[in-house]
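Below is one structure, written out as structure tokens; comments come after it.
The values are calculated or read from the model by the stated rules, or taken from the named source; none is laboratory data. All of these numbers come straight from a predicted model, not from anything done at the bench. Every residue, glycine as well, gets a Cβ built from its backbone with ideal geometry; the counts of neighbours run over all protein chains shown.
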Amino acid sequence: MDTSAEMNGELRSETVECKKQPGYRSLGRQRDGNFALSVGVPTACFTGEQLRGLGEVIEQYGTFGHLSTAQSVIIVGIPEEKLEAARLAVSDAGFDVRSIGKDVRQVKCCPGADYSPFGLQRTLPMAKLIEKTFRGLPTPAKFKISVSGCPNCCANTMMNEFGIHGTVDGWNVFIGGKMGPNPVVAQELAVGVESDDVPKYLAATARVFREVAETNERLAATIERLGFQTFRHMVMTALDAPHDDLAELARAARDQTAR
Ligand code: SF4
């Protein structure tokens, strides 16, 4: 593998051209013509057996695996003719292929109170619950979620669309953060939220975002356009609406991706 950090002029021009093409920003076809698959690793936890299984998939179909900043494993270097078999092998190994489009992404989380000596809340069950309920929900632009067990925010709570961190009193909730060329730090939506109430804060945020955002607009831009207090008021107004409809939309989208 060439690990050179230098980028020559030819590569730079190629990148500029690629960026003009639709689909460049979605994982799929690589620069060299091979394909990449994003493999979900819920809660970023796996057993030795699962890791061995994934290792075999990488060996058989790809070139190597890359740990993404979102805690997925990207298998790169898959020839087009092996892509479908690789998808099936990922599934047989107990993992699933993740969407990388405009939707609620895999939840990023730290080990939390179950394993970290600083943990104040249990991140793993919280991340699992959020994933099970909301992952895949279509949104106007990508929607990232982060769960940290304490204010140290090792899972980058404030650099995601919806981030929470544990405190002795519950969870503090932040919305509207993002990375990218113009990073934005999320703003505080609520403090001391009980675990059972976190899903309704997420549902209300996603619902308002789906309703008021312009196409391809990240939440940070929506909040900037409307003003934080206006957006926050809309979220708090929607807080007690049942979110079965959003959960159903997310489930349907996940089923579609799995096909
Ligand atoms: S955020 Fe807190 S609980 Fe999570 S890994 Fe960091 S120090 Fe531990």
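Only one of these conditions is not met by Cys153: (1) surrounded by fewer than 23 Cβ atoms within 10 Å (Cβ to Cβ); (2) away from the ligand (no atom under 12 Å from the Cβ). Which number is it?
With (1) surrounded by fewer than 23 Cβ atoms within 10 Å (Cβ to Cβ); (2) away from the ligand (no atom under 12 Å from the Cβ) applied to Cys153, the lone miss is (2).
I need every pair where a residue in the stretch 84-105 that is at positive phi has its Cβ under 9 Å from the Cβ of a residue that is among the charged types (D, E, K, R) and surrounded by fewer than 18 Cβ atoms within 10 Å (Cβ to Cβ), sequence separation at least 6 or different chains.
What qualifies is Gly94/Glu49.
Hey, among the residues in the stretch 78-127 that are closer than 22 Å to Asn160 by Cβ and charged (D, E, K, R), which one's modelled with the lowest pLDDT?
Filtering the stretch 78-127 for residues that are closer than 22 Å to Asn160 by Cβ and charged (D, E, K, R), the one modelled with the lowest pLDDT comes out as Arg98.
Counting only residues that are within 19 Å of the chain's Cα centre (by Cα), of a type outside the set (S, T, N, Q) and not in a helix (DSSP H, G or I), how many does the stretch 190-222 have?
Total meeting the criteria: 3.
Between a residue in the stretch 114-136 that is touching a residue at least 24 places away in the same chain (Cβ under 8 Å) and any residue that is near the ligand (Cβ under 10 Å from one of its atoms) and of a type in the set (Ser, Thr, Tyr), which pairs come within a Cβ distance under 7 Å, given they are 6 or more apart or on different chains?
Filtered contacts from the stretch 114-136: Thr123/Ser148.
Could you tell me which numbered condition Val39 fails, if it satisfies all but one of (1) exposed (fewer than 14 other Cβ atoms within 10 Å of the Cβ); (2) under 14 Å from the mean Cα position of the chain (by Cα)?
For Val39, the failing item is (1).
I want to confirm something. Restricting to the stretch 101-123 and keeping residues that are among the hydrophobic types (A, V, I, L, M, F, W, C) and surrounded by 21 or more Cβ atoms within 10 Å (Cβ to Cβ), which single residue is nearest to the ligand (Cβ to nearest atom)?
Among residues in the stretch 101-123 that are among the hydrophobic types (A, V, I, L, M, F, W, C) and surrounded by 21 or more Cβ atoms within 10 Å (Cβ to Cβ), the one nearest to the ligand (Cβ to nearest atom) is Cys110.
If we scan the stretch 158-181, do we find a residue that is surrounded by fewer than 19 Cβ atoms within 10 Å (Cβ to Cβ) and within 12 Å of the ligand (Cβ to nearest atom)?
Yes, the conditions are met somewhere in the stretch 158-181.
Could you give me the residue pairs with C-beta distances under 7 Å whose first residue belongs to the stretch 140-160 and is at pLDDT 95 or above, whose second residue is outside any loop (DSSP other than H, G, I, E, B) and within 6 Å of the ligand (Cβ to nearest atom) wherever it lies, and which are 6+ apart or on separate chains?
Listed pairs, sorted by first residue: Gly149/Gly112; Cys154/Ser148; Ala155/Ser148; Thr157/Ser148.
Only one of Gln229, Gln256 is farther than 18 Å from Lys144 by Cα and in contact with a Gly (Cβ under 9 Å, 6 or more places away or on another chain). Can you tell me which?
It is Gln256.
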